[in-house]
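Derivation of every value follows stated rules applied to the coordinates shown; laboratory data play no part. Just so you know, these numbers come straight off a predicted model, no measurement behind them. Every residue, glycine among them, receives a Cβ derived from its backbone with ideal geometry; neighbour counts consider all protein chains shown.
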2 protein chains.
Amino acid sequence: MLQGHQTWIFPSQPVIASAASVVGPFEGKGPLARDFDLIHGDTWIGQDSWEKAEKRLLEDACEKAIEKAGLEKEQIQFFIGGDLMSQLISSNFAARTLAVPFLGVFGACSTSMEGLALAAQLVDSGNAHTVLCGTSSHNSSAEKTFRYPTEYGGQKPPTAQWTVTGAGAAIIQSGQKAVSNTGLHITSCTIGRVVDMGITDPFNMGGAMAPAAVDTIEAHFRDLRVSFADYDLIVTGDLGRVGYRIAYDLMKKHGLDVSEDKFQDCGILMYGDHPEVLAGGSGAACSAAVTYGHLFKGMMEGRWRKIMVAATGALLSPITVQQKESIPCICHAVVIESRGG
Amino acid sequence: MLQGHQTWIFPSQPVIASAASVVGPFEGKGPLARDFDLIHGDTWIGQDSWEKAEKRLLEDACEKAIEKAGLEKEQIQFFIGGDLMSQLISSNFAARTLAVPFLGVFGACSTSMEGLALAAQLVDSGNAHTVLCGTSSHNSSAEKTFRYPTEYGGQKPPTAQWTVTGAGAAIIQSGQKAVSNTGLHITSCTIGRVVDMGITDPFNMGGAMAPAAVDTIEAHFRDLRVSFADYDLIVTGDLGRVGYRIAYDLMKKHGLDVSEDKFQDCGILMYGDHPEVLAGGSGAACSAAVTYGHLFKGMMEGRWRKIMVAATGALLSPITVQQKESIPCICHAVVIESRGG
């Protein structure tokens, strides 16, 4: 049910039957290591190309989510997937493996929450009772696509971010069908608009995306007449340290009751203070792995009862950068509430 | 409402408030010329790159659809868009211009019907009352991405297809909100699975996609217990002559009552017998422009009362071809019925 201009509330409160997160070795040495379901010891994930490795990560996350829900692959009614690769190849090939009806979606790094929002919407509307959604990214396939192959050893400015090698998947079910119960429900989501403040530097995606994050968070507050006080935690997808600061200051300036306690960013949470990641983590797997691993685990343990994940995406391509276009950005937000305990 | 495994029926029968089709000069000389809303005289569409030209085509189609529905841009609640470009840049930049909540989708050339299906689903479920969907492709931007820049003058085998330069957009509304009435309603859709028969030749996409088209058409028949007899016309997206023949023979072999009268292909309809297009038209704009131009016009004139558009997509990328992967394909189908006359 649409409330306000861009927020859907879900009266049936679709259930998160399970969620799984899979990461590479570098992410597995970070502060969230014990929150992930699977940590690969090698960035090739047993494959012979970075792209195949990324596909394998997504397949791993989907398999794990299906297993954790106690379901068989055949019980998945729809798969909603997307990723950063050109023509979404990780998701297309994972969808071939799954062999269930498939909807490809793209919102760059916001794909995680675009997929989760649509999955919840399909379940809430009664058009499905069991939907799998997932996304992945790989540091080396993303560097190769958007910057330079890592083997070139190119130098980066401190505003640059580190694409997460990993994947996340979740199974959303109707209350009647839920086979497993995490106690987590999706209660609303806000679909973002494209916001472009004229930034052209692909080494400062956090700065480019910050206004889109603020636009969607404020739209959500307006649509539902809520504020930071109504949430235990609001987490952006991958603003990193630079974008986080811009978003924080922008919300302060707009009079919101933002605090560092209640407003965090998956790109900062993923790696902590590791200097190699520069401004922080990014990639579609950043918000997916942090949400489906760290945040959901924290909610199940009772740390937070109501959170909003506002995943940000920079909708650029190598061609738009070469053609000197600025970077259009978007942010899709999903609200998750714990009914357990 | 889900019926069978992969078909949604829409009890509210969302209204097609308007639809618009825009094409380039070559398409404008084809047999469907008088069915299009706008024919550009020059493939650059007044831009300085093929990618910007493709974006402009999509913007034109969206503007035209909004104008034909008698709406203002601000009355569009959601825009669902996607295209063949890496990271969907045509749609992202068109969404920046529209400045309304945006969902990016990708199903290669099936994006047209993926978008239309989701738009109808959002309206039918009451999560929106006015949704715009659209897609575009450009011969030169697609050739550059998937084959060679046209300026290279590369030779092609007779199984190759010609990417349509054009765009199509439609506005879907709830019955209560419909401002304009074409008399056309969306009554059901079938979401496809990925089908891959092992074809690796990107110059034979029709052959690769044909089994996906048959898979979705048969799934639709099974889910709704219907057959060719229940439709005035079933049209595939862009199988071209080679893929059409394979799909036709496959359906005959499976015992379906297929006939050349009732089963057609947008890729053949678009250019007729023009030798330069080899096996026929392709691209996301092929099914979009033919459906929103030619087919909808024919329905409004009473030529057909109930049609199914089964748009096919080859989910490959330049990287998957280089890495010698086969081509995963998909097909999404939408049923449109005329209530006019």
Check: If you count the DSSP beta bridges with both ends in segment B:120-274, what percent of them are antiparallel, to the nearest 5?
Finding: 75 percent
Next item on the list: Distances from B:Glu301 to the same position in the other copies: list them in nm, one decimal, shortest first, using label points 7 Å from Cα along Cα→Cβ.
Entry: 6.8
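Give me A:Glu27, B:Glu114 ranked fewest to most by other Cβ atoms within 10 Å of their Cβ, as a rough exposure proxy.
A:Glu27, B:Glu114
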Checklist line | Per-bin percent of Cα-Cα distances, segment A:211-341 [10 Å] | finding: 12, 42, 34, 10, 2, 0
Item checked: Options A:Leu58, A:Ser12, A:Leu116, ranked by Cα towards positive dipole end of segment A:1-121, top entry (Cβ charges) -> A:Ser12
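What dipole magnitude, in Debye to the nearest 20, does segment B:1-81 give about its Cα centre under +1 on Lys/Arg Cβ and -1 on Asp/Glu Cβ?
It comes to approximately 220 debye.
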Item checked: Cβ-based net charge around B:Ile246, under 15 Å, with every Lys or Arg adding one and every Asp or Glu removing one -> -4
Next item on the list: Set Lys and Arg Cβ to +1 and Asp and Glu Cβ to -1, take the dipole of chain A about its Cα centre, and tell me which of A:Thr43, A:Ser140, A:Gln77 lies farthest positive.
Entry: A:Gln77
Next item on the list: May I ask for log10 I(q)/I(0) of segment A:220-277 at q = 0.15, 0.30 Å⁻¹, from a Debye sum over the Cα atoms as equal point scatterers with solvent left out?
Entry: -0.46, -1.32
Note to self: What would the Debye equation give as log₁₀ I(q)/I(0) for segment A:135-259 at q = 0.15, 0.16 Å⁻¹, counting only Cα atoms as equal point scatterers?
What the structure shows: -0.90, -0.98
Item checked: Residues A:Glu260, A:Glu218 arranged by fewest to most Cβ contacts within 10 Å -> A:Glu260, A:Glu218
Next item on the list: Scale the Cα Rg of chain B by the rule-of-thumb value 2.2 N^0.38 Å and send over the ratio, two decimals.
Entry: 0.89
Checklist line | 10 Å Cβ neighbours from other chains, averaged over peptide A:104-112 | finding: 5
Next item on the list: Pick out, from A:Val277, A:Ala247, A:Leu233, the residue whose Cα sits farthest towards the positive end of the charge dipole of segment A:212-312, with +1 on the Cβ of Lys and Arg and -1 on the Cβ of Asp and Glu.
Entry: A:Leu233
Margin query: Can you tell me the convex hull volume per residue for segment A:23-90, based on C-alpha atoms, in Å³ to the nearest whole number?
Written below: 109 Å³
Next item on the list: Between beta-carbons, use under 14 Å as the cut-off and find the net charge around A:Ala212, counting Lys and Arg +1, Asp and Glu -1.
Entry: -4
Next item on the list: Using only the Cα atoms, work out Rg/Rh for the protein assembly as shown, with Rh taken as the Kirkwood radius, to two decimals.
Entry: 0.95
Next item on the list: Just the number, please: Stokes-Einstein D of segment A:98-163 in µm²/s, Kirkwood Rh from C-alpha pairs, 10 °C, 1.306 mPa s.
Entry: 110 µm²/s
Next item on the list: Determine Rg/Rh for segment B:1-152; Rg is computed over alpha-carbon atoms and Rh is the Kirkwood hydrodynamic estimate from the same atoms.
Entry: 0.99
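Calculate how many DSSP beta bridges within chain A are antiparallel, expressed in % of all such bridges and rounded to the nearest 5.
That works out to approximately 65 percent antiparallel.
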Notebook entry, point to check: Based on Cβ point charges of +1 for Lys and Arg and -1 for Asp and Glu, what charge dipole magnitude is obtained for segment B:98-206 about its Cα centre, in debye rounded to the nearest 20?
Noted result: 100 debye
Margin query: Given Cβ point charges of +1 (Lys, Arg) and -1 (Asp, Glu) and nothing else, what value in debye, to the nearest 20, does the dipole of chain B about its Cα centre take?
Written below: 340 debye
Check: By count of other Cβ within 10 Å, fewest leading, how are A:Ser282, B:Ser141 ordered?
Finding: B:Ser141, A:Ser282
Notebook entry, point to check: Say we join alpha carbon atoms closer than 10 Å with springs in a Gaussian network model of chain A; which of A:Ala285, A:Ala69, A:Ala229 then has the biggest fluctuation?
Noted result: A:Ala229
Check: At A:Glu67, label 7 Å along Cα→Cβ: distances to the other copies, nm, ascending?
Finding: 5.7
Next item on the list: Just tell me which lysines come within less than 29 Å, Cα to Cα, of B:Lys306; anything on the same chain fewer than 8 places away is out.
Entry: B:Lys29, B:Lys64, B:Lys68, B:Lys177, B:Lys252, B:Lys253, B:Lys262, B:Lys297
Note to self: Only Cα pairs within less than 10 Å get springs; with that Gaussian network setup on chain A, which residue of A:Pro31, A:Pro157, A:Pro328 has the largest fluctuation?
What the structure shows: A:Pro157
Next item on the list: Apply the Karplus parameterisation 6.51 cos²θ - 1.76 cosθ + 1.60, with θ equal to phi minus 60°, to every residue of segment A:112-123 and state each ³J(HN,Hα) to the nearest whole Hz, in sequence, with x for glycine and proline.
Entry: 3, 7, 4, x, 5, 5, 5, 4, 5, 5, 5, 5
Checklist line | Global geometry of segment A:198-243, whether rounded, prolate or oblate, following the gyration tensor of its Cα atoms and the 1.5 cut on a/c | finding: oblate
Checklist line | segment A:62-137: projected area of the alpha-carbon convex hull, averaged over directions, in nm² | finding: 4.6 nm²
Margin query: Suppose only helical runs count, i.e. DSSP H with n ≥ 4. What mean residue ellipticity at 222 nm does that imply for chain B under -39500 (n - 2.57) per run, divided by all residues and rounded to the nearest 500 deg cm²/dmol?
Written below: -9500 deg cm²/dmol
Item checked: Hz values of 3J(HN,Hα) by residue in segment A:247-261 - Karplus curve (6.51, -1.76, 1.60), Gly and Pro given as x -> 5, 4, 5, 5, 5, 4, 4, 7, x, 7, 7, 6, 9, 5, 5
Notebook entry, point to check: What ranking, highest mean first, results for peptides B:40-52, A:205-217 when packing means the other Cβ atoms within 10 Å averaged over each residue?
Noted result: A:205-217, B:40-52
Check: Got the A:Pro11 label distances to the other copies yet, label 7 Å along Cα→Cβ, in nm, shortest first?
Finding: 1.3
